[in-house]
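The values are calculated or read from the model by the stated rules, or taken from the named source; none is laboratory data. These numbers come from a predicted model, not from an experiment. Counting neighbours? That spans all protein chains shown, and the Cβs are built from the backbone with ideal geometry, glycine included.
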Amino acid sequence: MADRTTAPEAEVDADAIPIPPAIQEKEEKEEKKKTTEKTKKRRIPPFLDHFNARDLKVFFRCWVAAWVACLLIFIYPSLRTIGTATFFAGLVLMFLPPSGILFIYLLGAVSLLIGIFLAWAWGVITMKAAMAARPAAETQARLLALEKVAVAQAQNSTLSVSDLAKILVYDGYMLDARVTAVTFCLLCVFIYLMARLRASNPKAAFTSIFGIIISDLFLNYTPLLPSFSGTLPLTLVKPALIGVGVGVACSVLFFPQSTSHVVLDSMEDIIKLLQAPLALTVKTLGTDEEQRDPEQLRMAQTLVIQKYRSMGPALAFLPLDFSVGCWGAEDVTSFQDPLRDALAAILSLLEFHIGRVAGEALSQDVLRKYIDEKPDDDDEKRTREVGAHQLSQLAELLHGFRNPDSHPLRKEVLRELRKTSTTAVDVCVKGLDAVRECIHVVNCRRWFGRPSKAEREQLQERCDGALEDLRQARATFINSISEILIREQENRMGDQPSHFRPLMFAMVFEELISNSMQKTEALLVRVSEAFQQSTKVRIYWPTRFRYAAAWASEKEVQAPGSQPTEDDPDRDSVDDVTKSAQERLRATRGYRTRQRHPISRAILGTYHWFTCDEGLYGLRMVVVTIALGIPSAIPSSAGFYFREKGLWALIMGQTGLLVYMADFTFSVISRLTGTVIGGVLGLLTWYIGSANGPGNPYGLAAITAVMLLILVWVRLYLPPLLLQGGIMGAATFLLVIAYSYDDTHIPQYGNPGVGYNVFWRRLVLVLVGVAASAITQLLPRPPSASRHICKSLSRSIRTLSTHYALFLSVWAKGTTEGRQLAEPLALQLAESLVALDGPTRLLKFEFSSSRFDSASLATVNRICRSLNRHLARLLLLSASLPHEYQDQLARQTGLRDHRVIGQVMAVMGICEQALKTGDALPEILPTPLVKQAVENWACGRSGEIISSEMIRDEGYRRFCVAASAYFGFLGTVDELVLVLKGVLGEAHLVGREMNWLLGDVNGGV
């Protein structure tokens, strides 16, 4: 089998394409030039590759906001009014820089403030309850004793009685076990809930982090204070509000961006990314090994999905958009469905070539091992390969394709296919480029350099020309390919009927390119119409506000329901499609016949609620809070804890905890690195700006502006995995400068000193927090990220089984439900699988007992994506493929045969469970699944030859695509079994080794 994706197709001899020496030499020079350019580009780290107008505007806005917040530290009136925590305004802007649209920034700020005010309210309640736990008479007596001790110490000190009384309070003179117990119990409950919120919903990270920070203030100071103080958090709340206000002001004043502007930028980037895969798909028919590398194609596929996924949050706020321009939210929303269709079509073409290239490599390897270089029986007994039973059957199937009657396409035909396809792809790329140019002109020339009427007419003519070229090229491409295949079929009229396989490959390729051109044409039509109709700049007001609450409360909500577009009035909204999908999925997912008793369900539910990953993370958070917070409530250590700013060790320990061990290990490395680098930058800033003096505000303001260029750039453009390290570096930088300046301008009890003294104390606190979080993370059992990813992939396989059942239930039913459900379901699952890429790479930093490592789980993830695309293609074809062809495919492949369905479901179920349990798979399984389907296909097509009418028939081409997708689905399931066996091994052996062993035993007896 030359191609997993198109199992019954020919082994296309792509390497034998004859290319004239002159053309070959020219192509080699061009490829070397491109490779050199790529190498030069790769010398620059990705986080430095942002020197363009769009990113520099965002950077300038965030840098101004951070610098203005830092200036408040050096302005004495503001420092005196706000207090020693003035730096917290800059820290808030490092957590939440104004890098996006105003509304999303406001939503992030609101989530941050919700955490602060929730913690404030809970802290006030806690303080009231804690103070009530100690009788008023005892409190008054203790205060009188405090006054006497302060007066006695004042006689031998230069400090006033009030200052000495404060020092005694901070040293723990008013501590009471009852107050401490109530404080810790109530606040640990709140911290537990905040930790669970952060673990279960990443959107609530700011709410959780800042809520815990405010709770820590109450935790540290409530047991120390002699009376109720409800305004305790104002020390941090004031600078936090100032930081948010500065961010809002900069979002409005400096290069403001509307939601539609951001979405159109993302669409422009997606279209640019789609152009490269189109060119790659044609190059895979060439002879260059680098071009035939499937990893290059998979990388292009991943980039497109990631960019589309990142556009989701902005799409959710289009109904709330306030913008000025030619296009409003409704116009931009109308581009979403055509863009998604074009993206799906091009990714289908890309997936086809990924499967073909990888399938050829697999076929050659299997044939070489089991047919061409078949070992002797004795050698085979000694060196048994895992999965040998399945591979040997696959080898026999592939060897059957080598019969003399199974010839690949001739060299001349392949050369003509490549030439015709290159022309079609070039026209498609030009069409996408016209779409991108329209979006760029409308989006980036709203205020200045507005296009003149002549420019608009010129661009409109370009769009009309590209549209006409697309229509003509698609018709020409289909006719040319059909004529090529008809001539090839006429040359084979005397051959056996099995020779339809090479022609089938060409027809699948033809249909996928034709579909890509058609979807590109639909996208160009919609954008061209909007460009032609909307010529004047106007103000667009928000249309709906209901998505803000849904986005904040539901973690799965990324995009709102889009309305039917003019080019497809029958298209249902995404809301309707989602409801329909959920109903259909519930029906195909099944039901349980026996339910537990309600009391049993309640007990089990409570147990699982506390012992799930989120529950254990919350318990760890409580443990590290008590461990690092209790020294503040012990009389012998309270003063030391206050003077050395032990609060920051507590915060470091809490924020350092993560749900899974791999993330934690990498986080520790990045946080420590960020702390050291941020501290060094802070020391340079302090000593350059103040030398040995008390701190020159002008010099410090100037050098801080320079250092913030580095810190803000790192915060914005560092990879997400290193984000915590960047924030830690910025926090340490701000602490070194702020505490040094505070010590020389508003000295207070407990100030850590100046310059280097601040840095080494900060470093020690970070180390203490990291050590405490590491112990808590490791004991009693480290939470394994590999187990989490295995469970996530297991759920993905279960979801794929549900989608497989959905595909079978709508096949040959004559409904459009499959078309409505295919892309939303496929993109949703693809986005969730792409989201696992980052955690999977981090598994390199985890010590785990799991047999799965980063490479094997990445392979399983890739296989799940491939299965997802095959099923999506089949769901789409269930609506567009003529009914007679759907019946024909079901008959010839056994697609709806209950025994075949049972085998597929059983294999996928075993794979799903193997990922969960880590148990070895049985040696004998009904695999390769593709073998029986191919045998049914051969029997069903006995005596049938593809006619010229069939080659010209669009329905038959789609039939070939459906067959290709179905065989690709079965072949990919077979590959999943081999991958899992390679990791987990085989069990229940009944192969030849066992027979040989039994023979020896019987002979010995």
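Scan the range 192-216 and report the pairs whose first residue is surrounded by 18 or more Cβ atoms within 10 Å (Cβ to Cβ) and whose second residue is among the hydroxyl-bearing types (Ser, Thr, Tyr) and assigned to a helix (DSSP H, G or I), with Cβ atoms within less than 6 Å and a gap of 6+ or a chain change. What qualifies is Met194/Ser208; Ala195/Tyr617; Leu197/Ser208; Arg198/Ser208; Ala199/Tyr617; Phe206/Ser111; Thr207/Ser111. Considering every residue within the range 79-96, establish whether at least one is part of a loop (DSSP other than H, G, I, E, B), closer than 30 Å to Val262 by Cβ and at pLDDT 50 or above. Within the range 79-96, one or more residues are part of a loop (DSSP other than H, G, I, E, B), closer than 30 Å to Val262 by Cβ and at pLDDT 50 or above.
Of all residues in the range 708-721, which are surrounded by fewer than 19 Cβ atoms within 10 Å (Cβ to Cβ) and under 25 Å from Ala649 (Cβ atoms)?
Of everything in the range 708-721, just one residue is surrounded by fewer than 19 Cβ atoms within 10 Å (Cβ to Cβ) and under 25 Å from Ala649 (Cβ atoms), namely Leu721.
Among the candidates Val161, Val124, Val149, the residue that is more than 30 Å from Leu318 (Cα to Cα) and modelled with pLDDT of 90 or more is uniquely Val124. Applying the set (1) under 30 Å from Met94 (Cα atoms); (2) modelled with pLDDT of 85 or more to Pro747 leaves exactly one unmet item: (2). Within the range 177-191, if we keep just the residues that are of a type outside the set (A, V, I, L, M, F, W, C) and buried (at least 19 other Cβ atoms within 10 Å of the Cβ), the residue that is nearest to Gly618 (Cα to Cα) turns out to be Thr183. Is it fair to say Ser866 is in a helix (DSSP H, G or I), modelled with pLDDT of 85 or more and either of a type in the set (Gly, Ala, Ser) or within 14 Å of Tyr804 (Cα to Cα) (or both)? Yes; evaluated as a whole, the condition is true for this residue.
Counting only residues that are surrounded by 15 or more Cβ atoms within 10 Å (Cβ to Cβ) and either aromatic (Phe, Trp, Tyr) or at pLDDT 90 or above (or both), the range 689-698 holds 0 of them. Per the conditions (1) closer than 20 Å to Glu975 by Cα; (2) modelled with pLDDT of 75 or more, the sole criterion not satisfied by Arg340 is (1). Write out, first by first residue and then by second, each pair whose Cβ atoms fall under 8 Å of each other, whose residues are 6+ apart or on separate chains, and whose first residue, in the range 260-278, is outside the structural domain of Leu512 (by TED's automatic domain parsing) and under 12 Å from Leu347 (Cβ atoms) while the second is surrounded by 18 or more Cβ atoms within 10 Å (Cβ to Cβ) and of a type in the set (A, V, I, L, M). Once the first residue is outside the structural domain of Leu512 (by TED's automatic domain parsing) and under 12 Å from Leu347 (Cβ atoms) and sits in the range 260-278, no partner that is surrounded by 18 or more Cβ atoms within 10 Å (Cβ to Cβ) and of a type in the set (A, V, I, L, M) comes close enough.
Considering only residues that are modelled with pLDDT of 75 or more and either farther than 23 Å from Val990 by Cβ or outside any helix (DSSP H, G or I) (or both), which ones fall in the range 369-392? Scanning the range 369-392 gives a single hit, Val386.
In the range 138-156, the residues that are more than 15 Å from Gly172 (Cβ to Cβ) never reach a residue that is basic (Lys, Arg) with C-beta atoms less than 7 angstrom apart, at least six apart or across chains. Being over 20 Å from Thr422 (Cα atoms), at pLDDT below 85 and either assigned by TED's automatic domain parsing to the domain that holds Ala965 or under 38 Å from the mean Cα position of the chain (by Cα) (or both) holds for only one residue in Phe500, Phe509, Phe505, Phe448, and it is Phe448. Taken together, Gly100, Gly115, Gly90 contain a single residue that is in contact with a Cys (Cβ under 9 Å, 6 or more places away or on another chain) and surrounded by 14 or more Cβ atoms within 10 Å (Cβ to Cβ), which is Gly90.
When you scan the range 736-763, how many residues do you find that are within 24 Å of Ile669 (Cα to Cα), among the aromatic types (Phe, Trp, Tyr) and buried (at least 20 other Cβ atoms within 10 Å of the Cβ)? Summing the residues that are within 24 Å of Ile669 (Cα to Cα), among the aromatic types (Phe, Trp, Tyr) and buried (at least 20 other Cβ atoms within 10 Å of the Cβ) in the range 736-763 gives 1. Looking at Ser157, Ser111, just one residue is among the small types (Gly, Ala, Ser) and over 46 Å from the mean Cα position of the chain (by Cα), and that residue is Ser157.
Can you list the helices (runs of 4 or more DSSP H) lying wholly within the range 588-660 that have 1 or more residues being at pLDDT 90 or above, surrounded by fewer than 21 Cβ atoms within 10 Å (Cβ to Cβ) and out of contact with any strand residue (DSSP E or B) (no Cβ under 7 Å at 6 or more places or on another chain)?
613-629, 635-643, 646-656
Per the listing Pro277, Pro239, the residue uniquely modelled with pLDDT under 85 and over 30 Å from Ala132 (Cα atoms) is Pro277.
Residues in the range 622-666 that are over 16 Å from Ile209 (Cα atoms) and of a type in the set (Gly, Ala, Ser): Ala627, Gly629, Ser632, Ala633, Ser636, Ser637, Ala638, Gly639, Gly646, Ala662. Screening Ser878, Ser856 for residues that are in the same structural domain as Tyr956 (by TED's automatic domain parsing), at pLDDT below 85 and out of contact with any Ser or Thr (no Cβ under 7 Å at 6 or more places or on another chain) leaves exactly one candidate, Ser878.
Among the residues of this structure, Ser856 counts as one that is among the polar types (S, T, N, Q), out of contact with any strand residue (DSSP E or B) (no Cβ under 9 Å at 6 or more places or on another chain), surrounded by fewer than 21 Cβ atoms within 10 Å (Cβ to Cβ) and part of a helix (DSSP H, G or I).
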